[in-house]
Amino acid sequence: MAAAMQLNTLMSNMFATGLLDDQFQQLQMLQDPSAPDFVAEVVTLFCEDGERIIGELAKLLDKPAVDFDKVDAFVHQLKGSSASVGAQRVKNTCIQFREFCQGKSRDGCLKTLDAVRNDFYDLRSKFQTMLQLEQQVQASFYPKQ
Amino acid sequence: MGSGSKLGKKEDGGRGMEKEAKQQQQLQLRQRHAARRGRRPLAALAFVAMAVACSAAVHWQLRRETMERAELRLVSMCEERARMLQEQFGVTVNHVHALSILISIFHFEKNPSAIDQDTFAKYTAMTSFERPLLNGIAYAERIFPHEKEMFERKHGWIMKTMNREAAPLQEEYAPVIFSQDTVSYLARMDMMSGEEDRENILRARTTGKPVLTNPFRLLGSNHLGVVLTFAVYRPNLPADASVEQRVEATAGYLGGAFDVETLVENLLSKLAGNQDILVNVYDVTNASEPMAMYGSQTPDDKVGLLHVSMLDFGDPFRRHEMRCSYTQKPPLPWSAISNPLGTFVIWMLVGYIICAAWSRYDKVTEDCRKMEELKTQAEAADIAKSQFLATVSHEIRTPMNGVLGMLDMLLGTDLTMTQKDFAQTAQGCGKNLIRLINDVLDRAKFEAGRLELEAVPFDLRSLLDDVISLFPSKLKEKSIELAVFVCDDVPKLVIGDPWRFQQIVTNLVGNAVKFTERGHVFVRVSLAEQSNVETCRVPNVTLNGKDCKVESTANGAFNTLSGFQAADERNSWEYFKLLLSDKELPSNELEGEKCNQMDADQVTLMISIEDTGVGIPLHAQDRVFTPFMQADSSTSRNYGGTGIGLSISKCLAELMGGQISFTSRPSIGSTFTFSAVVKRASEDTSSDSERSLCEALPTAFRGMKAILVDGKPVRSAVTRYHLNRLGITVQVVNNMSMGVQAFGQNGATESREKPSMLFIQNDIWRPETDIQLLNRLHALRMNGQVHELPKLILLVTSEADKEKYGSTFNAVLCKPIRASTIASCLQQLLQVEIPVRKENQNRPSFLRNLLVGKNILVVDDNKVNLRVAHAALKKYGAKVHCVESGKDAISLLQPPHFFDACFMDVQMPEMDGFEATRQIREMEKKANEEKREQSTSAEGSTSADWHLPVLAMTADVIQATYDKCIKSGMDGYVSKPFDEQQLYQAVSRLVVGTTDPAP
């Protein structure tokens, strides 16, 4: 039960701080017996995808001549993923990132990349905690025989 | 905290570039200023140089003029002297000439000679004033060598040469025989012995004219001088004698020394200005070697000013000239210095003025720029404030909604009374907070200029009904009447922003209810044109605070809704009647239909909310619309509230193209009036869009009749208005007995014609007497005169009365009355079947109906998106297939395929959604053509063309994207992440648009 409470607090905290928005609730609503691990699946996908993109972005921005179109494409992808998951803050930072991209401001991009990274890792750690807690909760509901 | 930091970052990102650009602009401006300032010393220098040049030019000009004048003067002075010298000289020469003639006559014609040395000396001495220039004169006789001895003997002396020697033998001799005393040293001298004299003598006798020697130092005075020699001829010489004749006739020579120096000295001393002028006289017979006759021998090098005048002393062989120059340079006139100086000073002054003006201009522009900067800063700060407010309000609202939702859920659980009470209180507070935040948000939005109005058709009447239904609990506590009246002229449907409209009305009514303890709150809507007519027709318009006479009925009550006095008597019956006068009974027709035919598209509505509350104190009236301002602090203590509502109402009214104003009299009441411009909506546009906003009134009561017993005309008009909306014809009577009478009169045969209802106002009802009247009605029925008794309905203000009269009447209606409450009440009474309108189909289930079993292809390169879309569509029962690129999608969608729809991401690497769709459409076209060929050959089997519905999935739903979607052959778009409502719309449009593709 403690896990459930913890989970609740975590979730409401994530909503309250604007880390997540309604879209995540939509996701939760999509989870049903036919797809019991839907949220976990999507979240894992998002985390992997996000990590990859952030890695790519760091690589791209590290080059002396930055290909802003490519950067923009990656950021767009990350924005799309975060919008789907409801990772509001990452999404907002991505929007900002794209502005810098369009402005071809490398410093701005680097700055926002840091912000995106922070937001993303923050979210990822919270997601991981969430998934663990969910497992615990499920385990307590369906104790192993 | 999280929201705060995010907010900061957003600001940074959004404004960064703008700010940078602005800074750059300012930098440029400053640089330009600096450049201008840097160029200034140069300009000043140039200016000074110009001033100096100008002064110098003036100076030189003046100088030149002076020089010219001096030269002119010199010329005239020189010429004058020359002429005088010449004249004097001439006079002397003439006299010598005369003397020669004298000698020729008295010496040669007389024999013996009439002249001897003494006579000559005496005569010449006495006539020397005639020859002021000659210091002496002597006569030498021409002697040939053969005459020499005779001559010497005759005179008794021997000729001597100039050197006091005995004269040697020579061709001719010219011994001086007569001499003036002053030159007595010349006596006996042979003039021919001197080289100069000899030459002179020879020249004189050939020319017959006076001749001059070169200047030389005279023997006596040591002054410079010349010797004048004049030939004396024998008297018989003809005037036109030849040279030989003349030589022949020469008898002797008259000579004298001109003391030129004295001569010129004397002459000059007689003339003015001789101090200034330096005169030199030269003999220039030999031009290369001028010989000085007068003046300093060394000619000064002052070439500056020199004038040369020719002198003619009558000797054709010799030439003389006079050279004049100034003794000293002509002094510069003061003006030559002062004028340029003055000019310079003037230049400098002008320069200073320009410089001062310039610097002043600079200062002003700099100040102006600073002001601009400050202004932009202030504006930016203002916008930032508004944005901050908007954002913060929004950020607060989100968690607050969570809190409220949780409280709602909490209330749904099993709670003890205390817990429930706590939770309810918390919820109430939360709701208040949300309302306040919404208000602040609105206000901030308005200030930031981001408040936009919608334009949707809505029914004003039902909207107002909804508004008054919000206040029952408060009304019941206070027992005040709340009523709505909408003029018949007001269109049934108008286009505007119903929520904002409702917000204003709710706010104003809320205020009115809050500040009113007794009496009424009356909302009246009319067209602005009508209101104008009203005020024109009735001249005495009230002004704020002024005590105007309000017409009252005999019993002391005012002719208003509740009988209490109102601040603005425009709602009193006298005025109100005018609104109704045009169409006393609007009959069964739907109200407003008439005005729909009016040509104007826009109508201005006047909405007035009248209350009989405490009113607004005079001193507070001018700041009623200032945000967060209440009449005074006690107001908020007594009544609560923040005072932001009115200011928002004002903003909204202005946004709607109207105004808001009020009339208020303390302790009598206030009337707030606002106008709003709305569009008329034609009936057909209303068909489905407004359905969600207002439930249509039942039409089952059309054509029924009712009698209304009400003593107050305004109130009866309101009641009639509501009944009319239901299609019920109303007859108004003043009291109960008249009501019963009216009922009796109308005892027509057909029940439909008869009034089937009797509405009785609470305060008209006198239980003691009116019961009897009712009894009479019952009696009528007993007698069979009336088949059916009318339904008796009592209109009451408070819930308490409902209990009291429940037994007597068929129904008791509690105010505020609304068309819908009347309708439901009547429906119960008359057991009229009202067809229940079907609820809007449950959308999720509807969507499920649309999508269930359908094969749907989702194309997105983003796995996360793909997964979510998959799950979302699956929820509605669709069979979802996912691919990650446009190419895969194309290969899957090669006709024939089994997909019913495709959701396509727009932005994908390699091949984006637009391109993929284009290719899909192309493939379909090809397939269709092939199929057509087959069908023409196979005959008959006309299967549908391939057209796969393709919906774009896009995050930024802007018009441009939409246009692009349509252009590339897509059928619509849905926003990412899926929004149920939108998905429903898009899918249903597809289903409606294309006939069911799969049977």
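Look through B:ALA356, B:ALA384 and report the one residue that is at pLDDT below 85, within 30 Å of B:GLN31 (Cβ to Cβ) and either more than 14 Å from chain A (Cβ to nearest Cβ) or surrounded by fewer than 11 Cβ atoms within 10 Å (Cβ to Cβ) (or both).
B:ALA384
So which of B:VAL403, B:VAL392 is assigned to a helix (DSSP H, G or I) and touching a helix residue (DSSP H, G or I) at 6+ places or on another chain (Cβ under 6 Å)?
Working: B:VAL392 fails: touching a helix residue (DSSP H, G or I) at 6+ places or on another chain (Cβ under 6 Å).
From the options B:VAL403, B:VAL392, the qualifying one is B:VAL403.
Identify all residues within region B:331-387 that are within 30 Å of B:ALA46 (Cβ to Cβ) and charged (D, E, K, R); write none if there are none.
Those that are within 30 Å of B:ALA46 (Cβ to Cβ) and charged (D, E, K, R): B:ARG360, B:ASP362, B:LYS363, B:GLU366, B:ASP367, B:ARG369.
Could you tell me whether region B:800-812 includes any residue that is modelled with pLDDT of 70 or more and touching a Ser or Thr at 6+ places or on another chain (Cβ under 7 Å)? Lay out the reasoning, then the answer.
Let us first name the residues in region B:800-812 that are modelled with pLDDT of 70 or more, namely B:809-812.
If we keep only those that are touching a Ser or Thr at 6+ places or on another chain (Cβ under 7 Å) too, we end up with none.
Checking region B:800-812: not a single residue is modelled with pLDDT of 70 or more and touching a Ser or Thr at 6+ places or on another chain (Cβ under 7 Å).
Within region A:87-99, identify whether any single residue is among the small types (Gly, Ala, Ser) and closer than 30 Å to B:GLY877 by Cα, and answer yes or no.
So far as region A:87-99 goes, yes, one or more of its residues are among the small types (Gly, Ala, Ser) and closer than 30 Å to B:GLY877 by Cα.
Given the criteria in a helix (DSSP H, G or I), at pLDDT 80 or above and within 21 Å of B:THR673 (Cβ to Cβ), does B:LEU463 qualify?
Numbers: in a helix (DSSP H, G or I): yes; at pLDDT 80 or above: yes; within 21 Å of B:THR673 (Cβ to Cβ): yes.
Criteria met by B:LEU463.
Among residues belonging to region B:700-716 that are touching a Lys or Arg at 6+ places or on another chain (Cβ under 9 Å) and surrounded by fewer than 22 Cβ atoms within 10 Å (Cβ to Cβ), point out the one that is nearest to B:SER526 (Cα to Cα).
Across region B:700-716, the extreme among qualifying residues is B:PRO713.
Which of the residues belonging to region A:30-40 are surrounded by fewer than 16 Cβ atoms within 10 Å (Cβ to Cβ), facing chain B (nearest Cβ under 8 Å) and either in a helix (DSSP H, G or I) or not polar (S, T, N, Q) (or both)?
A:ASP32
Can you tell me which of (1) modelled with pLDDT of 80 or more; (2) farther than 29 Å from B:GLU265 by Cα; (3) surrounded by 15 or more Cβ atoms within 10 Å (Cβ to Cβ) is the one B:SER179 doesn't meet?
It is condition (2) that B:SER179 fails.
Hey, among the residues in region B:950-986 that are surrounded by fewer than 20 Cβ atoms within 10 Å (Cβ to Cβ) and within 13 Å of another protein chain (Cβ to nearest Cβ), which one's modelled with the highest pLDDT?
B:SER975
Do we find a residue being modelled with pLDDT of 80 or more, of a type in the set (Lys, Arg) and assigned to a helix (DSSP H, G or I) anywhere in region B:129-142?
no
So which residues in region B:206-258 are of a type in the set (Val, Ile, Thr) and not in a loop (DSSP other than H, G, I, E, B)?
First pass over region B:206-258, keeping only residues of a type in the set (Val, Ile, Thr): B:206-207, B:211, B:213, B:226-227, B:229, B:232, B:243, B:247, B:250.
Residues satisfying the conditions are B:THR206, B:THR207, B:VAL211, B:VAL226, B:VAL227, B:THR229, B:VAL232, B:VAL243, B:VAL247, B:THR250.
Write out, first by first residue and then by second, each pair whose Cβ atoms fall under 6 Å of each other, whose residues are 6+ apart or on separate chains, and whose first residue, in region A:115-142, is modelled with pLDDT of 85 or more while the second is outside any helix (DSSP H, G or I).
A:LEU123/A:LEU19; A:LEU123/A:ALA87
Can you pull out the residues in region B:892-917 that are closer than 11 Å to B:SER968 by Cβ and either within 14 Å of chain A (Cβ to nearest Cβ) or crowded, with 18+ Cβ neighbours inside 10 Å (or both)? It would help to see each step written out before you state the result.
Restricting attention to region B:892-917, the residues satisfying the condition of being closer than 11 Å to B:SER968 by Cβ are B:904, B:906, B:912-917.
Passing the criteria: B:MET904, B:VAL906, B:ASP912, B:GLY913, B:PHE914, B:ALA916, B:THR917.
The values are calculated or read from the model by the stated rules, or taken from the named source; none is laboratory data. Since the structure is predicted, the reported quantities are computational estimates derived from the model, not experimental observations. Because the Cβ atoms are built from the backbone with ideal geometry, glycine has one as well, and the counts that use them run over all protein chains shown.
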